[in-house]
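Colleague: The structure is given below, and queries will be raised subsequently.
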Amino acid sequence: MNGLVFFVEGIFPYIAIIVFLFGTVYRLWCWIRTPVPLNINLAPAKTTWKAVIGKIAAEVLLFISLLRNDRVLWIAVWVMHVCGLIVIVASHFFGIIDASVEAYTPYTIPFSKTILYIAAVFAFPLIGTLLIILFRRIFTRDIRRISIPTDYVAISLILIHVFGGTYMSFFTELDMSKVAAWGMGLFTFRPVVVEGSWIFAVHCATCFITFMYFPFSKLFHPLGQITNRWTMTQKEVELIAGGRVVK
C-alpha cells in the first residue's frame, strides 16, 4: 500500500505534468497546421488587434455564444467556473502557501484559516453545478444524443476530486503542514507522501488524472476557443492549405 501511495503522490504528478505539457503542445500544433481552405470570417469582421482580442476575451471569459443559446446552462457554467477558480486559488495555492509559511517560518498569514474555510464553502455550489451539467447529459435527450463516454468520464473525475476535497475540508483533521511538505517535496524533486490520509491520495490521484487527460478532452476548450476565434476574426487574408495565413 505504501508503494502505491508513494507512486500516486510522489511519482504520478511528474508523469501527469509531462503528459499535460506535451499534450498541450501537440494539440495546439495540430490545430495550427490544420488546413483552412475557405475564408470563414465573422461578419462584421474586426479590423484592429484590440477589437480581435476583445472578441476573443468576450467568448472565453463571458461565454457569449452559450448565453445566446442556453441561458440556464450559461448560469450553471459561469457559477461552476467562478467557484472552481476560487476553490483552486484560495484553497489550494493559498492553503499550501499559508501552511509552508507557518511550517518554515515563525510567521503566519493573518485570517488565513478564515479565508480557507470561506473558499471551501464555494465547493458546494461547484458540486451543485457539476451535478446539473451531469444530469443534463443523462436526462436531456438532445444533449445525451451528442454526448460520448469521455464526456461523462471528465465530469466524474472532477466530481470525485471536488467531493474528496470537500470531505477533507469539513470532515477530517488533515495536517496542512504535511500537505505543505508534500508540495515542497514535489517542487524540489524530493517527493514525500501525506501519511495516514487515504482521501488525500484519492484527491491527488483524481487531480493529476484530470490534469493528464486535460489536453485530450473537451476540457481543453478554452485554448480551442482562442484558436477558433482567432481564425474567424481574421480580416483581408487568404487562408490556404497547411494553415498558413498570407496577406
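Only the coordinates and a few stated rules stand behind these numbers; no lab work does. Computed from a predicted model, the values in this text were never measured in an experiment. Cβ placement follows ideal geometry from the backbone for every residue including glycine, while neighbour counts extend to all protein chains displayed.
Colleague: May I ask you to list the aspartates and glutamates whose Cα is less than 12 Å away from that of LYS113, ignoring any residue fewer than eight positions away on the same chain?
Modeller: Answer for LYS113, where 12 Å is the Cα cut-off: ASP98, GLU102, listed by chain and number.
Colleague: May I ask you to derive the FRET efficiency for PHE7 and LEU134 from their Cβ-Cβ distance with R0 = 25 Å, giving the value to the nearest 0.05?
Modeller: Numbers: r = 29 Å, r/R0 = 1.17.
The pair PHE7/LEU134 has a calculated efficiency of 0.30.
Colleague: Then there is this: Near MET184, within a Cβ-to-Cβ distance under 12 Å, what is the net charge of the other residues, with Lys and Arg +1 and Asp and Glu -1?
Modeller: Working: positive: LYS178, ARG190; negative: none.
Cβ neighbours under 12 Å give a net charge of +2.
Colleague: How high is the FRET efficiency from ARG33 to ALA154, r the C-beta distance, R0 45 Å, rounded to 0.05?
Modeller: On the way: r = 26 Å, r/R0 = 0.57.
My answer for the efficiency is 0.95.
Colleague: If you look at just the Cα atoms of segment 62-143, how large are its Rg and its Dmax in Å?
Modeller: For segment 62-143, the Cα-based Rg and Dmax read 17.2, 58 Å.
Colleague: Right, another one. Can you find, among SER217, VAL89, VAL193, the residue sitting farthest towards the positive end of the charge dipole of segment 74-219, where Lys and Arg contribute +1 and Asp and Glu -1 at Cβ?
Modeller: SER217
Colleague: Per-residue counts of other Cβ atoms within 10 Å, averaged by peptide: what ranking do you get for 175-182, 69-76, highest first? It would help to have the intermediate numbers written out before the result.
Modeller: On the way: 175-182: 18.5, 69-76: 14.1.
The densest-packed peptide leads the list: 175-182, 69-76.
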